[in-house]
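Chemist: Take this structure first; my questions come after.
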């Protein structure tokens, strides 16, 4: 096993510390018994977590965000898998354009998207509905699913699917029984990234949510503009925990390096 | 009786013609190899038979039925892919059962047939394993079992042995032939390995640049190659370019001023010819005792035989002699090379490359 030099080791430690320190601190702050954002020194308390669960607006926003993320990630998968198959397997006019179009939400600032959707919805008279919110989230999370699906398909040996065909499977059966299970790590990884991105999305959502559809990040933002108390830390800790748990499940099931780096 | 027939089959990819006007008739129970260098169209031909590639022109029929445009899942042929193409998320037994499942074979019969197929390829103990837990040779046998379990009229093998190491490859050649003899399935194998094609096929189809250039039994292909390419591709040979000379009843090839006696009545004097003589047909004699003088440039011991390169006035010749238990001529020594003129194959025209 190769060992890191002193400089490399220091660098790695600094990077890790820089990435993890804020998360660790916010999680610690969440357990404070005090009334201000401070590190718990006198003891640990769950009072701010209780406050979160007792706060109807936060709970409503939390479930709202969960549903939104799950729905938009699932629909993005339903959309990106066929799109990925078409892009990776067939050559047709406009193929590169379609590929670029589906990936473009990654490079357009969410602020711009938010303003644009706000205008569009105003013109359509469609403001405020949950369905439209889902639609906007599908657009911003599809690139993540598509990238992972495309990566999975490019590393796929197509002869397995051909073998299924020669053994008597129709095209759909061959996809369902052979191709889909083989690209499942890519699909699941894409779904998870989509879920997390939708769950965390703030900038665009500020513009497209209505009072009835406020998502958790938007709720936190609104709350934080008025007052800052340790309940924010508790919500943050909960969000970190949900994301970490999802990552952990995925790593156990498929291996994170395989999904995110594309190793097979 | 013709079982599988290809009539004037061609395949074009854009402007590139991968397969050109291939016509072939295969009998029931026959083992036929498609042999050629990479890019000669042999795999495309196999894929057209399998239904994975649609021919641009021509007709393919199986047992009197036109299958040219039929979908691969309706043809019912067994295909073994070069990469084996096992389903990684299914166990060995599930892989083998897949074709039966698609045919809605009842569970009890399915289990029995899977068991028989695994027994045939000697993998009964591995039914519950996943492909990744198997060695290359075992995976290959799973692929064969999976293709054979559906009792296909024709078994198609795409370079089935190319991913195996040399020793295993040799074992699997005979294993493949044993299985094919036992089951009696008509088999078509694509290979670029001439030794593989010669050792297990009833007939060999040589393909070059998308065309079929010779169809023959392995022995005849080896002894009577129809062109210079085949003579050097199938086995080793010495190719000598020269001009045909006639003098009354005798005829000879003039190779750079040296006359080599040979008989080929149909060739006119002055025609450029290529002579082909196999290394094992040449005898090493004492200096002055052969048709050609030479000096041993190098000598390799291969166990069962010796391989010499001999420098002669007409170029370097490769000679192999059986190991008879005594040490033969050493490097640097003068020798005479001799052969029977009957063993020299005369091909009209010049060889492009040896």
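Chemist: Quick one: which residue in B:181, B:113 is farther than 30 Å from residue B:229 by Cα and over 19 Å from the mean Cα position of the chain (by Cα)?
Modeler: Criteria check complete, one pass: B:113.
Chemist: Are any of the residues in the range B:120-128 under 30 Å from residue B:13 (Cα atoms) and part of a loop (DSSP other than H, G, I, E, B)?
Modeler: no
Chemist: Say we look at the range A:155-213 and pick out the residues that are touching a helix residue (DSSP H, G or I) at 6+ places or on another chain (Cβ under 6 Å), more than 14 Å from chain B (Cβ to nearest Cβ) and not in a helix (DSSP H, G or I); which of these is surrounded by the fewest Cβ atoms within 10 Å (Cβ to Cβ)?
Modeler: Result: A:202.
Chemist: Would you mind finding the one in A:75, A:39, A:14, A:9 that is in contact with a helix residue (DSSP H, G or I) (Cβ under 6 Å, 6 or more places away or on another chain) and over 30 Å from residue A:142 (Cα atoms)?
Modeler: A:39
Chemist: Picking from B:240, B:161, which residue would you name as being under 30 Å from residue B:5 (Cβ atoms), surrounded by 22 or more Cβ atoms within 10 Å (Cβ to Cβ) and either in contact (Cβ under 8 Å) with a residue 60 or more places away in the chain or under 18 Å from the mean Cα position of the chain (by Cα) (or both)?
Modeler: Going through B:240, B:161 in turn, the sole match is B:161.
Chemist: Given the condition modelled with pLDDT under 95, buried (at least 17 other Cβ atoms within 10 Å of the Cβ), touching a helix residue (DSSP H, G or I) at 6+ places or on another chain (Cβ under 8 Å) and more than 21 Å from residue A:207 (Cα to Cα), answer yes or no: does some residue in the range A:100-108 qualify?
Modeler: Yes: the range A:100-108 contains one or more residues that are modelled with pLDDT under 95, buried (at least 17 other Cβ atoms within 10 Å of the Cβ), touching a helix residue (DSSP H, G or I) at 6+ places or on another chain (Cβ under 8 Å) and more than 21 Å from residue A:207 (Cα to Cα).
Chemist: OK, next. Report the residue count in the range B:250-263 for those that are assigned to a loop (DSSP other than H, G, I, E, B) and under 18 Å from residue B:314 (Cβ atoms).
Modeler: Residues meeting the conditions: 3.
Chemist: Being loosely packed, with under 13 Cβ neighbours inside 10 Å and either at pLDDT below 85 or more than 21 Å from residue B:223 (Cβ to Cβ) (or both) narrows it down to one of B:269, B:252, so name that one.
Modeler: Checking each option against the conditions leaves just B:269.
Chemist: Shifting gears a bit: Part of a loop (DSSP other than H, G, I, E, B) and either within 10 Å of chain A (Cβ to nearest Cβ) or touching a residue at least 40 places away in the same chain (Cβ under 8 Å) (or both): is that true of residue B:96 in this structure?
Modeler: Judged against the criteria, residue B:96 is not a match.
Chemist: Go through B:146, B:177 for me and flag whichever is at pLDDT 90 or above and farther than 21 Å from residue B:5 by Cα.
Modeler: When all the criteria are applied, what remains is B:146.
Chemist: Another question about this same structure. Might you let me know whether the range B:147-159 holds any residue that is out of contact with any strand residue (DSSP E or B) (no Cβ under 7 Å at 6 or more places or on another chain) and over 23 Å from residue B:225 (Cβ atoms)?
Modeler: Checked the range B:147-159: at least one residue is out of contact with any strand residue (DSSP E or B) (no Cβ under 7 Å at 6 or more places or on another chain) and over 23 Å from residue B:225 (Cβ atoms).
Chemist: Do you know which residues across the range A:43-75 are farther than 22 Å from residue A:239 by Cα and either in contact (Cβ under 8 Å) with a residue 12 or more places away in the chain or touching a strand residue (DSSP E or B) at 6+ places or on another chain (Cβ under 6 Å) (or both)?
Modeler: Listed by number, the list holds a single entry, A:75.
Chemist: Just one of the numbered conditions (1) buried (at least 16 other Cβ atoms within 10 Å of the Cβ); (2) part of a loop (DSSP other than H, G, I, E, B) is not true of residue A:223; which one?
Modeler: Condition (2) is where residue A:223 drops out.
Chemist: Please state which one of B:266, B:280, B:293, B:261 is touching a helix residue (DSSP H, G or I) at 6+ places or on another chain (Cβ under 6 Å) and assigned by TED's automatic domain parsing to the domain that holds residue B:322.
Modeler: B:261
Chemist: Please give the helices (runs of 4 or more DSSP H) falling wholly within the range B:132-214 in which 1 or more residues are over 23 Å from residue B:119 (Cα atoms).
Modeler: Of the helices (runs of 4 or more DSSP H) lying wholly inside the range B:132-214, those with at least 1 residues that are over 23 Å from residue B:119 (Cα atoms) span B:166-183, B:194-200.
Chemist: Determine if the range B:190-197 includes at least one residue that is touching a helix residue (DSSP H, G or I) at 6+ places or on another chain (Cβ under 7 Å) and in the same structural domain as residue B:314 (by TED's automatic domain parsing).
Modeler: no
Chemist: Okay, next question. Looking at B:321, B:309 in this structure, which one is free of Cβ contacts under 8 Å to residues at least 40 places away in the same chain and either surrounded by 18 or more Cβ atoms within 10 Å (Cβ to Cβ) or assigned to a strand (DSSP E or B) (or both)?
Modeler: Being free of Cβ contacts under 8 Å to residues at least 40 places away in the same chain and either surrounded by 18 or more Cβ atoms within 10 Å (Cβ to Cβ) or assigned to a strand (DSSP E or B) (or both) holds for just one of B:321, B:309, which is B:309.
Chemist: While we're looking at this one, here's another question. Kindly provide the set of residues from the range A:115-140 that are more than 15 Å from residue A:67 (Cβ to Cβ) and either part of a helix (DSSP H, G or I) or modelled with pLDDT of 90 or more (or both), ordered by number.
Modeler: A:115, A:116, A:117, A:118, A:119, A:120, A:121, A:122, A:123, A:124, A:139, A:140
The values are calculated or read from the model by the stated rules, or taken from the named source; none is laboratory data. Please read these numbers as outputs of a predicted model, since none were measured by experiment. No Cβ is skipped: glycine too gets one built from the backbone with ideal geometry, and neighbour counts run over all protein chains shown.
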